[in-house]
1. Looking only at region 254-284, filter to residues that are among the aromatic types (Phe, Trp, Tyr) and under 15 Å from the mean Cα position of the chain (by Cα); which one of those is modelled with the highest pLDDT?
2. Only one residue in ALA348, ALA306, ALA352 is open to solvent by less than 10 Å² (accessible area, probe 1.4 Å), free of Cβ contacts under 8 Å to residues at least 60 places away in the same chain and under 22 Å from GLN373 (Cβ atoms). Which one?
3. Take TRP53 and decide whether it is more than 21 Å from GLY436 (Cβ to Cβ) and free of Cβ contacts under 8 Å to residues at least 12 places away in the same chain.
4. Please go through region 344-394 and pick out each residue that is part of a loop (DSSP other than H, G, I, E, B), basic (Lys, Arg) and closer than 12 Å to VAL426 by Cα.
5. Looking at LEU411, is it under 24 Å from ALA362 (Cβ atoms), at pLDDT 75 or above and surrounded by fewer than 18 Cβ atoms within 10 Å (Cβ to Cβ)?
6. What pairs come up if the first residue lies in region 153-179 and is under 14 Å from ASN142 (Cα atoms) and open to solvent by 70 Å² or more (accessible area, probe 1.4 Å), the second is among the charged types (D, E, K, R) and modelled with pLDDT of 95 or more, and their beta carbons are under 6 Å apart, counting only those six or more places apart or on different chains?
7. Looking at this structure, is ALA18 in contact with a helix residue (DSSP H, G or I) (Cβ under 7 Å, 6 or more places away or on another chain), open to solvent by less than 10 Å² (accessible area, probe 1.4 Å) and aliphatic (A, V, I, L, M)?
8. Looking at region 192-207, can you tell me whether even one residue there is among the polar types (S, T, N, Q), modelled with pLDDT of 95 or more and open to solvent by 40 Å² or more (accessible area, probe 1.4 Å)?
Amino acid sequence: MNAADTMLEGLDEAQRQAATTLHGPVRIIAGAGAGKTRTVTRRIAYACSSEQWDPSGVLAVTFSVKAAAEMRERLRQLGVGDAVSAATFHSAALQQLRRVWEDVCDGPFPHVADDGEPKRIIDVALRRACGDLETDELTLRNVHDEINWAKVSLIAPADYPRVCAALHRRPPAELDAQRFADVIDCYEQEKTARGLIDFDDILLICCHVLDEFDEAAALIRQSVRWLTVDEYQDVSPLQHRLMMLWLGEGENRNVCVVGDPAQTIYSFAGASSYDLLAFADQFGSLAADVSLTTDYRSTPQIVGYANRVLAQSPNRADYLRLTSAREDGVRVGHTVYESDMDEARGVAGRIARMVSRGVDPADCAVLTRINAQQPVIGAALRGVGLRYRVRRDAGWSADAMGGDPVARQTLLTSLGADDTARLGAVTISTIHASKGLEFKHVFVIGCSEGLLPYGSPMDGDALEEERRLTYVAVTRAEDSLHVSYARTKDGFSARPRVPSRFL
């Protein structure tokens, strides 16, 4: 067996088909736990080892620093990690811009705003556009999110009011759409005056260079002759535009996209599974269209539960039905508590008993729909002497580790090398923030109408997003899954909660 063929060892039939189809457009629909990263990295390693691809022209893009670091490490172990590029969209675009900047602009490369700077600029922009508008941290975050949504959706400020009217979208901070468009204009002017760009500007500028500067575009495309896009169900219109420009508007057809429509949970931020489902419409006849339906992560009991979550969906034809490759495990647990405090103490007690039997606390996770559910869980875990780390929608919280220093953890997380799991800490995470993670034992709390689905939406896109979010929560579990809810918030409410329609 030659070196290239060893890259295919251990792959199942569907994974092998994906890994050996190296030319032309390839779509891989990969269910939760189905080995998508293994398949993609083996595909890249096989193509490079067999000398069918030039490593210097290989780019794999992911949606998080951690995922990119994991991909680089796996490729390094396969012998090609130093030769190919694996990065986030933003990191790849930034590297490309720095490479060609002197050829397209006489001025210095703008400074990329740090995490806090956009909100400070938004505060100034709000005051300029709206006078003495009162601002707080929540308002600034909501305005920042809306500006990002408009940008990644490729909506210019002048078009924002029209789009809001068409989508019945309400701007944050109780502003009308035209006034919010003014805020966006002021924000962009303030950034320019300070010589700053934000993260999404990196993608916009890269698109502009690829559109307008032929020589620079040709140089960039030399490093993107074979493109792999992970989590393709989460691409925004802006990321999709950049991808198409990397490919020369489809002239280069050596692209592999990987995703799962059932794990589309960022629609509120501009993501859509449309491009994944319509991939063949854009690229024509596919060289391979592969579905990975064997879940190697979770027990049959958990996989069956996940399948049932999706079974009642009006979009169920778009979703894979998984089968587990593992032996039978324990049944999925269900508990109803009287109050949120009872639920928190009950879950903490269960984890403490598991730990007393030898389970590593780092193998346990408590998943919540919103950040506000997390403090009571943290208090309950402290009450039974367990350490924990908190992962909110915006990332790791300063409350992580129950009071231990966070600076090193934040740095490691940003580098994709977070090692707190080795410190014996239970993870408390929102479901959104748990995407891409897995734990041996998962507790999903607050499984009642109003929390999951959040706000009890009517039938439609919002409800379907909540269904997919529930599916993501369930499929984080490897060995055991426990779902629960509390009948009331404090034990005294006259209107008891009812269990989630999904569970």
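The values are calculated or read from the model by the stated rules, or taken from the named source; none is laboratory data. Everything quoted here is computed from the prediction, not taken from an experiment. All Cβ positions, even for glycine, are placed from backbone atoms using ideal geometry, and neighbour counts span all protein chains on display. Side chains included, ligands, DNA and RNA excluded: accessible areas come from the protein's heavy atoms. Shrake-Rupley method; radii C 1.70, N 1.55, O 1.52, S 1.80 Å.
1. Restricting to residues being among the aromatic types (Phe, Trp, Tyr) and under 15 Å from the mean Cα position of the chain (by Cα), the top hit is TYR266.
2. Every option except ALA348 fails the conditions.
3. Answer is no for this residue.
4. ARG387
5. Taking the combined requirement at face value, the residue does not satisfy it.
6. From region 153-179, no pairs qualify.
7. Working: in contact with a helix residue (DSSP H, G or I) (Cβ under 7 Å, 6 or more places away or on another chain): yes; open to solvent by less than 10 Å² (accessible area, probe 1.4 Å): yes; aliphatic (A, V, I, L, M): yes.
Yes: the conditions hold for ALA18.
8. Restricting attention to region 192-207, the residues satisfying the condition of being among the polar types (S, T, N, Q) are 192.
Next, from what is left, pick out any that are modelled with pLDDT of 95 or more: none.
The answer is no; no qualifying residue exists.
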